[in-house]
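Here the structure comes first, spelled out in C-alpha cells, and everything after it is commentary.
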Amino acid sequence: MSALSAPLRPVLVRREHASLPVKLIAPPVALALATLLNLGLYLLMGRDPVAVFHAMLLEPFLSWASFSEVLLKTGPLLLIAQGLAIGFRAKVFNIGAEGQFILGAIFASAIPIWFPEATGQWIWPSMLVIGALGGALWASFTAFWRVKLNANEILVSLMLALVAAQLLNYLLLGPWKDPNGFNFPQSVMFQSDAMVPILIPGTRVNVSLLIACALSLAAWVFMQRSFAGFKLQVGGLAPRAAGYAGFNEGRAIWLSLLIGGFAAGLAGAAEVAGPLGQLQRSISTGYGYAAIIVAYLGGLHPVGIAFSALLMAALYIGGDNAMVSANLPVAAVRVFQGSLLLAYLVAIAFVRYRFEWRHAAHGSSP
Amino acid sequence: MTTSLLSLRGISKSYGQIHANRDIDLDVAPCSIHAILGENGAGKSTLMKLIYGVEQPDAGTATWKGEPLALASPAEARRKGIGMVFQHFSLFETLTVVENIRLVVPRDKSDLADRIRMLGRDFGLEVDPLAHVHALSVGERQRVEIIRCLMTEPQLLILDEPTSVLPPQSVDKLFETLRRLRDSGVSILFISHKLEEIRAVCDRATILRSGRITGRIDPRDHDAHDLARMMIGRDMPQPMPALAHSGGEKRLEIVGLDHRPDDPFAVALSDVSLTVRAGEILGIAGISGNGQSELAALISGETVLPRQQSNLIYMMGKDVGALDAAARRRLGFAFVPEERLGRGAVPEMSLILNSLLTAHPFGLLKRGLVDTNQVKAFTEDCIRQYDVRTPGSEAEAGALSGGNLQKFIVGREIMLSPQLLFVAQPTWGVDIGAASAIRRRLVALRNEGMAILVISEELEELFELCDSIQVIHQGRLSPPLVTRDTRPEEIGRYMIGAHSTAKKVPA
C-alpha cells in the first residue's frame, strides 16, 4: 500500500519556539469562541442572543455609571489575580484565594468592630495592612503543610476556603453580629474613617483601585526584572534546574503562597472598607475563583492580567444586566466564565503546538 | 553487481529550517555489515528512522529487493523484513525475557523460550529466557532486543549506536554476533561514530556530514585518521598535553560514604571514597545505572545528607554534606550535569536567562534586580568563546541542538572559574570537533591548577583526560587506577564487577 493513499490527518506537533503571535491572539480568540458558544446556549434556552450580547458585553462600557461599576469590580480581581499569577508561574497552585480573601475581610473588620468609636485617617490604611496579613496567614497554613508534609496545595487551599466561609458564618451569626441588625448575619456599619477614600467623585470607585494598579506594576518588576521572581519561574518551568542551581523549593512555595494570600487578603479588606462598609456574608462572591481565570486569561503576565481583569469585571456587570433585561439565570455568568477559561486553555495549547497534516500511518502491529 | 537489498534514492527530510537529510542515495548489499558514520547531528538517526518508517521523508524513493518500498510505518517495515534496535531499550523491567518477547510475537511460552535459547546458541546471544529483565545487565538487555528483532526473521537489522552502552568485553561479543548474523544472510546497518569499531566489523561505510553523504568507502582500507577527516571535514586537532603535576591541595574528598536513596529504584552507594586534588583530573568510569547519578547528586548538593551524617564529604576543606547546592557553589564549586534540558538549563528560557541560573553571583545582579546588560555580555562572551551555534543570546535553550547546549553549559560553568569543576558526560552528543575542544579546555584548566572530576561512559575519553580513574559498579567505587599504568581491559573488568568481588579494597 502506498503512503500517499492514506488519508490526511491532523497531528499535534510541538513547535520549536513558543509562538508569540499565538500567545497574543489566544485571549481574544478564546473570548470570541466562548461568546459564540454561550450565545448558542442562550438561543437553545429560547433567549434572544442579540439582546443578551448587548446587555452582557456592550452595556457595561456604554454608560459611565455602569463602567464605574466595572472599575469597582476590577480592583479586587486585579489584585488577587496578580498575586495568584506569581504563584502559578512557580507552579504553586493556590486555588483557595477565596478563603484568603474572606480572612482579609475578617481581619480588616476587626478594627472597626472592636473600636467603633475610633476616628482618624489611620484606620482604613491599617485595615488594609491587617487584612493583607490575614490573607497571608491563611495561605501560610497551606504553605506549611505543603513544605512539611508535601500535602497538595490545591486541595489544602481549596478546603481552607470552605473553612474560611464557615468562620465568616460563625462570626456573623455569633460574636460579631450587629445587635441592632434585626438578626441579619452582618456586622455593624463601619465609621467613615474606616472607609477607603473615593477616587472618582460620584462613583463607588475608591483608592484601592490605585493600590491594585501600583501592585500590578510591582508584580511586573518582580516577575520580569527581579532575581527572586526569576528563581520562582525556574522552579515552575524546570524544578530539577532549580535544584541544580540551588534554589530552595520550600522557600519558593512559601513565597508564592504568601504573595497570593497577601494580595487576596488586601482585596478582601478593600471590599469591606469600600463598597460594603460592613462585614457580611455576601462578600464572598467568588472573586477568588474568578481571579484564577483572570490570571490565566492574562497569560500569567502582569500586563495581560490588567486587561483580563477588566474583561472579567465587565462580565460580572454585564451578567447582572443580562439577568435583569434578558431574564438570564444567575448560573449563566459562571457558565460564561468557565467556558472562557476552557476556550483559553485550548487556544493556549497552540502556543507550543501546531497542527500538521500528515498521512496516517497504518498502525496495525504484527 | 548483485541487486541491493535496500536502495534509497534522493531521500530528503527537513525539520523546519534544519535539513537533517539532503538527497541521500544509499545501497545496502545483502550479507553486509554496513556502517553509517557521522558526527552527532550529521543526520544518521534521522536516516535510520526514515528507513524504519518512524518518520516519513519529504522527497525521494526507496526500493527493497528491486520492489518499491513505502516508508510508511514501523509495522510496514517489519512486515517487509526490516528490524531496528534503538539506542534506548524498550523492555518492561518487571517482566521476564520471554514475556517481553511474547508481547511482540504472540506464541506459546515454552515454544518461544526454546527459540530464544536456539537463537542464543546460533548467534552468541545467550540469555536466560525466564530471567526478569530488571536483573539483566545492559549487554544482556541489548541481546534481548536483538533477539526480539530476530524473531520476525528480518533481512535487514538496524542498530543505533549499539556499543555506546557496552563495556569493552561485551563489544567484542556483540561483534561476533553481528558477524554470525551476516553469515546467516542478515544485512546490518550499524550506526556509530567510533572509528575503530567500524574498522573492526564493517565491510562498507557511508559517511554523513551535515545531512549529506560525503563518502562511500570500505573502512578496512582506511585508517581511523582518514575516517575522522571524512567525518568532520578537516584534520583532528591534537589533544592538549597534560603537564606533570605534584599533588595539590585536596579540593574534594569523600570518605567512606554510604547512602541509601529514598527511591527504591535508585542505586545505593556503599563505602565510596575519592579525592580530587588541585591540578588533577579524576575520572569515574562505569556502565550507566551503577550509581553515577546518585553520586553526582550527592556531590552537587542536589541530594543533601541528613545532619547527623557529618564528615563524609569535604569541599575546599569544609564539611559540605549538609550544605545545599547554592552553598557549595559559593565555595567555588561548579557542575555540568548529565541532563542538559530541564536540569543544566531551562528549555523554555533564553540563553541569557540560563546564564543567570548559576552565574548570578558574578556581578549579574544589582540590588536584587537582574542587570540585563551584564547578563547579556556574559552570555555573548560564553557563546563566542565556546563556539555555541545559535541565532543569538535570546534563543531558547530548548531550540539548541544537544551538542551546542552542552557547549553553552560547559562554557558557563568554566566561566565561573571554579576551584573544583565536576563534569558529568562532558561530550555526550557533542560532535568530534567540539568534543576535542572541550577536552583540550579541561586539560588546560587542569594545568592551570583547577581540580576536575569527570564522570563518563566513554573509556577513550577518560583515558585521554584523566590522571587517574576510579570505576563505579553497583554503587561501589574501585580504588584509583593511575591512567598511565592501566589498560582499558582492566577498567573493563571493574566495570562488569569481575574485580570487586575478587578483592576487597582496604580503607
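The values are calculated or read from the model by the stated rules, or taken from the named source; none is laboratory data. Since the model is a prediction, treat every value here as computed from it, not as a measurement. Here the Cβ positions follow ideal geometry from the backbone for every residue, glycine too, while neighbour counts run over all protein chains shown. The protein model used for the area step is the full one, side chains on, heavy atoms only, and it has no ligands, DNA or RNA in it. Shrake-Rupley method; radii C 1.70, N 1.55, O 1.52, S 1.80 Å.
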Exercise. Which of A:Lys231/B:Lys318; B:Lys44/B:Lys173; B:Lys80/B:Lys109; A:Lys231/B:Lys376; B:Lys13/B:Lys376; B:Lys65/B:Lys109 have a Cα-Cα distance over 29 Å?
Worked result: B:Lys13/B:Lys376; B:Lys65/B:Lys109
Seminar exercise, completed: Per the C-alpha gyration tensor (a ≥ b ≥ c, the square roots of its eigenvalues), the range B:132-181 is rounded if a/c is under 1.5, else prolate if a/b beats b/c, else oblate; here it's oblate
Problem set entry | Degrees separating the helix B:109-123 axis from the principal Cα axis of chain B, which is the longest one | 80 degrees
Seminar exercise, completed: Ordered by number, the GluC sites (Glu not before Pro) in the range A:18-125 that occupy a DSSP loop and have at most 16 other Cβ atoms within 10 Å are A:Glu117
Exercise. Using the Cβ atoms and a cut-off under 15 Å, what net charge is assigned to the surroundings of B:Gln308, where Lys and Arg are +1 and Asp and Glu are -1?
Worked result: 0
Exercise. Protein chains only, probe 1.4 Å: how do A:Arg251, B:Arg180, B:Arg412, B:Arg9 rank by accessible area, largest first?
Worked result: A:Arg251, B:Arg9, B:Arg180, B:Arg412
Exercise. When DSSP assigns beta bridges and you keep just the ones with both residues in the protein assembly as shown, what percent turn out antiparallel, to the nearest 5?
Worked result: 55 percent
Exercise. What FRET efficiency do you get for B:Glu176 and B:Arg216 if R0 is 35 Å and r is their Cβ-Cβ distance, rounded to the nearest 0.05?
Worked result: 0.85
For this session: Roll a 1.4 angstrom probe over the protein heavy atoms and tell me the percent of accessible area of the range B:6-232 that is carbon or sulfur.
Result: 48 percent
Problem set entry | Per DSSP, loop chymotrypsin sites (Phe, Trp or Tyr not before Pro) in the range B:350-427 with at most 15 further Cβ within 10 Å | B:Phe362
For this session: Report B:Asp221's accessible area, 1.4 Å probe, all protein chains in place, as a number in Å² to the nearest 10.
Result: 120 Å²
For this session: With a 1.4 Å probe and every protein chain left in place, tell me how much accessible area B:Glu457 has, in Å² to the nearest 10.
Result: 40 Å²
Seminar exercise, completed: One finds, for B:Thr152 and A:Leu342 with R0 = 45 angstrom and r their Cβ-Cβ distance, a FRET efficiency to the nearest 0.05 of 0.50
Exercise. What residue among A:Val156, A:Gly235, A:Cys213 has its Cα farthest toward the positive end of the dipole of the range A:148-276, where the charges are +1 on Lys, Arg and -1 on Asp, Glu, each on the Cβ?
Worked result: A:Gly235
For this session: With a 1.4 Å probe and every protein chain left in place, tell me how much accessible area A:Ile293 has, in Å² to the nearest 10.
Result: 20 Å²
Exercise. How much length is gained if the chain between A:Thr203 and A:Asn183 is pulled fully straight, taking 0.36 nm per residue apart and subtracting their Cα-Cα distance, in nm to one decimal?
Worked result: 4.2 nm
Problem set entry | Heavy-atom accessible area per residue - the protein assembly as shown, 1.4 Å, Å² | 44 Å²
Exercise. For the pair A and B, how large is the buried accessible area, both sides, in square angstrom to the nearest 100, if the probe is 1.4 Å?
Worked result: 2800 Å²
Exercise. How far is helix B:168-183 tilted off the main Cα axis of chain B, in degrees rounded to 10, range 0 to 90?
Worked result: 10 degrees
Problem set entry | Measure of compaction for the range B:1-100 (Cα Rg per 2.2 N^0.38 Å) | 1.19
Seminar exercise, completed: Residue-ordered couplings for the range A:295-302, obtained by feeding phi - 60° into the Karplus form 6.51 cos²θ - 1.76 cosθ + 1.60 and rounding to whole Hz (Gly and Pro as x), are 4, 6, 4, x, x, 6, 10, x
Exercise. Under a GNM of chain A (C-alpha, springs under 10 Å), which listed residue has the highest mean-square fluctuation: A:Ile86, A:Ile25, A:Ile106?
Worked result: A:Ile25
Seminar exercise, completed: Taking r as the C-beta separation of B:Ser273 and B:Arg484 and R0 as 25 Å, the FRET efficiency to the nearest 0.05 is 0.70
Exercise. Taking the Cα-to-Cβ direction at B:Arg389 and at A:Lys91 and moving 7 Å from each Cα, how far apart do the two end points lie in nm?
Worked result: 3.1 nm
Exercise. Tell me, what % of the accessible area of the range A:73-301 is carbon and sulfur with a 1.4 angstrom probe?
Worked result: 69 percent
Exercise. Among rounded, prolate and oblate, which fits the range A:177-276 when a ≥ b ≥ c are the square roots of the eigenvalues of its C-alpha gyration tensor, a/c under 1.5 means rounded, and a/b larger than b/c means prolate?
Worked result: oblate
For this session: Which order do the peptides B:463-472, A:32-41, A:225-234 take when ranked by the mean count of other beta-carbon atoms within 10 Å per residue, highest first?
Result: B:463-472, A:225-234, A:32-41
Exercise. Could you state the per residue volume, in Å³, of the convex hull enclosing the Cα atoms of the protein assembly as shown?
Worked result: 209 Å³
Problem set entry | Relative contact order computed over chain A (Cα-Cα under 8 Å; 6+ residues apart), in percent | 38 percent
Exercise. Along the charge dipole of chain B, Cβ charges K/R +1 and D/E -1, which of B:Trp428, B:Ser4, B:His473 sits furthest on the positive end?
Worked result: B:Trp428
Exercise. Quick one: ranking B:Ser355, A:Ser325 by accessible area, 1.4 Å probe, largest first, what do you get?
Worked result: A:Ser325, B:Ser355
Exercise. Using the Cβ atoms and a cut-off under 13 Å, what net charge is assigned to the surroundings of B:Asn21, where Lys and Arg are +1 and Asp and Glu are -1?
Worked result: +3
For this session: Determine the share of the range B:346-416's accessible area contributed by carbon and sulfur atoms, expressed in whole percent, with a 1.4 angstrom probe.
Result: 51 percent
Problem set entry | Bridge type composition, chain B - antiparallel percent by DSSP, nearest 5 | 50 percent
Seminar exercise, completed: Under the helix-only model (-39500 (n - 2.57) for each DSSP H run of 4 or more, divided by the residues of chain A), the mean residue ellipticity at 222 nm, to 500 deg cm²/dmol, is -22000 deg cm²/dmol
Exercise. Does a label point 7 Å from the Cα of A:Arg225, set along Cα-to-beta-carbon, have any residues of the range A:64-90 with amide nitrogen under 19 Å, and which are they?
Worked result: A:82-83, A:86
Exercise. Which distance in Å, rounded to a whole number, links the C-alpha centroids of the range A:1-79 and the range A:240-314?
Worked result: 22 Å
For this session: Please go through the range A:133-208 and write out the chymotrypsin sites (Phe, Trp or Tyr not before Pro) that DSSP classes as loop and that have at most 15 other C-beta atoms within 10 Å.
Result: A:Phe182
Problem set entry | Kirkwood-based shape ratio for the range A:73-301, expressed as Rg/Rh from alpha carbons | 1.00
Exercise. Does the range B:320-436 classify as rounded, prolate or oblate by the C-alpha gyration tensor (a ≥ b ≥ c root eigenvalues; a/c under 1.5 gives rounded; else a/b over b/c gives prolate, otherwise oblate)?
Worked result: oblate
Exercise. When you look at the Cβ of every residue in B:341-348, what mean number of other chain Cβ atoms sits within 10 Å?
Worked result: 6
